[in-house]
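These notes concern the structure reproduced below.
The values are calculated or read from the model by the stated rules, or taken from the named source; none is laboratory data. Bear in mind the structure is a predicted one, so any value in this text is a computation, not a measurement. So basically every Cβ, Gly included, is an ideal-geometry build from the backbone, and we count neighbours across all protein chains shown.
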Amino acid sequence: MGELAGRTALVTGASRGIGQAIATRLAAEGVTVIVHFGTDEAGAAATLDAMEHAGGSGFAVRAELGVDGDVETLFAGVEAGLGGRPLDIVVNNAAAAPAGALGVTTRAEFDHLFAVNVRAPYFIIERALPLLREGARIISISSVATRMANSSQTSFAMTKGAIETMTKTLAAQLGSRGITVNAVAPGATKTASNGAVFDVPGLTEQISGMTALSRLGAPDDVADVVAFLASDAARWVTGQILDASGGLFLGPCI
């Protein structure tokens, strides 16, 4: 068990990929982790199993984000599971995937992106505030898409830009309670669920060639950064966007 032993955390979208890695990493530090999932009940069970093998514990809560009543459904399960205990860490990881380029993304897809990626995290934080201890941690997952001009991810990048703005403003607002608010921006991160994307011939090599550390990211690479921000070592870090991309697209690799 680590320095975070005895604390509690809510990790949204924790049934797979980066969210699963974050939940498992925090559990290994002794955090009781609330594993949020939307539809993947088997994935949530796998996360709980991985957490147990890491020496930790927690429970799962199902709530579809981006629909009416989503936050109320989520926190009904959160509060029931906590049984009166406070929250120490909130990780906004759940997100809808990029819908396409301008002229391709439909209005319905656009609205869904913003409902899941922007509206839900905003109101999850608002709802969590009465449960959060003084000195708690709020960490949201952004993306390097906010600093790269990728026309196929315009609407997605817009949602992550909103998350980064929210991070800075809430850091200023909540600092009086000792609550830190930060975001982590992953780059190309290969997970079990998106692995097929990187099977396109030459794509992995192309992305690795644009990355200072010359490889794709892994979920644990991001989870370790989140664990740092959740720790006491990051007590003086707030309002920041930490790039966790291995240096993707920093400039010519010469």
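Within segment 112-145, how many residues turn out to be in a helix (DSSP H, G or I), among the β-branched types (V, I, T) and without any contact (Cβ under 8 Å) to a residue 60 or more places away in the chain?
3
Which of the following residues is closer than 20 Å to G19 by Cβ and either at pLDDT 95 or above or surrounded by 18 or more Cβ atoms within 10 Å (Cβ to Cβ) (or both): D232, D243?
Only one candidate qualifies: D243.
I'd like to know if segment 81-89 contains one or more residues that are within 23 Å of G19 (Cβ to Cβ) and either aromatic (F, W, Y) or assigned to a loop (DSSP other than H, G, I, E, B) (or both).
Checking segment 81-89: at least one residue is within 23 Å of G19 (Cβ to Cβ) and either aromatic (F, W, Y) or assigned to a loop (DSSP other than H, G, I, E, B) (or both).
Determine which single condition A227 fails, assuming it passes every other condition in (1) at pLDDT 95 or above; (2) over 22 Å from L10 (Cα atoms); (3) buried (at least 17 other Cβ atoms within 10 Å of the Cβ).
(2)
State the number of residues belonging to segment 181-219 that are in a helix (DSSP H, G or I) and surrounded by 14 or more Cβ atoms within 10 Å (Cβ to Cβ).
5
Taking T146, is it touching a strand residue (DSSP E or B) at 6+ places or on another chain (Cβ under 8 Å), on the phi < 0 side of the Ramachandran plot and surrounded by 19 or more Cβ atoms within 10 Å (Cβ to Cβ)?
yes
Return the pair list, or none, for Cβ contacts closer than 7 Å from residues in segment 232-254 that are among the charged types (D, E, K, R) to residues that are modelled with pLDDT of 95 or more and in a helix (DSSP H, G or I), at least 6 apart or on different chains.
The qualifying pairs are D243/V144.
Out of segment 1-42, which residues are more than 18 Å from A128 (Cβ to Cβ) and either of a type in the set (F, W, Y) or not in a loop (DSSP other than H, G, I, E, B) (or both)?
Result: G17, I18, Q20, A21, T24, R25, A27, A28, E41, A42.
Show the residue pairs that are 6+ apart or on different chains and have beta-carbon atoms under 6 Å apart, the first residue being within segment 148-171 and in contact (Cβ under 8 Å) with a residue 24 or more places away in the chain, the second being in a helix (DSSP H, G or I) and of a type in the set (F, W, Y).
Filtered contacts from segment 148-171: S155/F110; T159/F114.
Any residue that is assigned to a helix (DSSP H, G or I), free of Cβ contacts under 8 Å to residues at least 40 places away in the same chain and touching a Ser or Thr at 6+ places or on another chain (Cβ under 7 Å) - is there at least one of those in segment 60-67?
Within segment 60-67 (the criterion being assigned to a helix (DSSP H, G or I), free of Cβ contacts under 8 Å to residues at least 40 places away in the same chain and touching a Ser or Thr at 6+ places or on another chain (Cβ under 7 Å)), the answer is no, since none of the residues qualifies.
Filter segment 98-138 down to residues that are buried (at least 19 other Cβ atoms within 10 Å of the Cβ) and touching a Phe, Trp or Tyr at 6+ places or on another chain (Cβ under 6 Å), then give me how many there are.
Adding up the residues that qualify gives 1.
With the condition kept exactly as written, say whether any residue in segment 118-127 is closer than 27 Å to I207 by Cβ and of a type in the set (K, R).
Checked segment 118-127: no residue is closer than 27 Å to I207 by Cβ and of a type in the set (K, R).
Given the criteria under 19 Å from I125 (Cβ atoms) and surrounded by fewer than 23 Cβ atoms within 10 Å (Cβ to Cβ), does A95 qualify?
Against the criterion (under 19 Å from I125 (Cβ atoms) and surrounded by fewer than 23 Cβ atoms within 10 Å (Cβ to Cβ)), A95 does not qualify.
Looking at L203, L174, which is the one that is over 22 Å from T47 (Cβ atoms), of a type outside the set (K, R), over 19 Å from the mean Cα position of the chain (by Cα) and modelled with pLDDT of 95 or more?
After ruling out the rest, the residue left standing is L174.
Going by the structure shown, is V78 assigned to a strand (DSSP E or B) and not hydroxyl-bearing (S, T, Y)?
no
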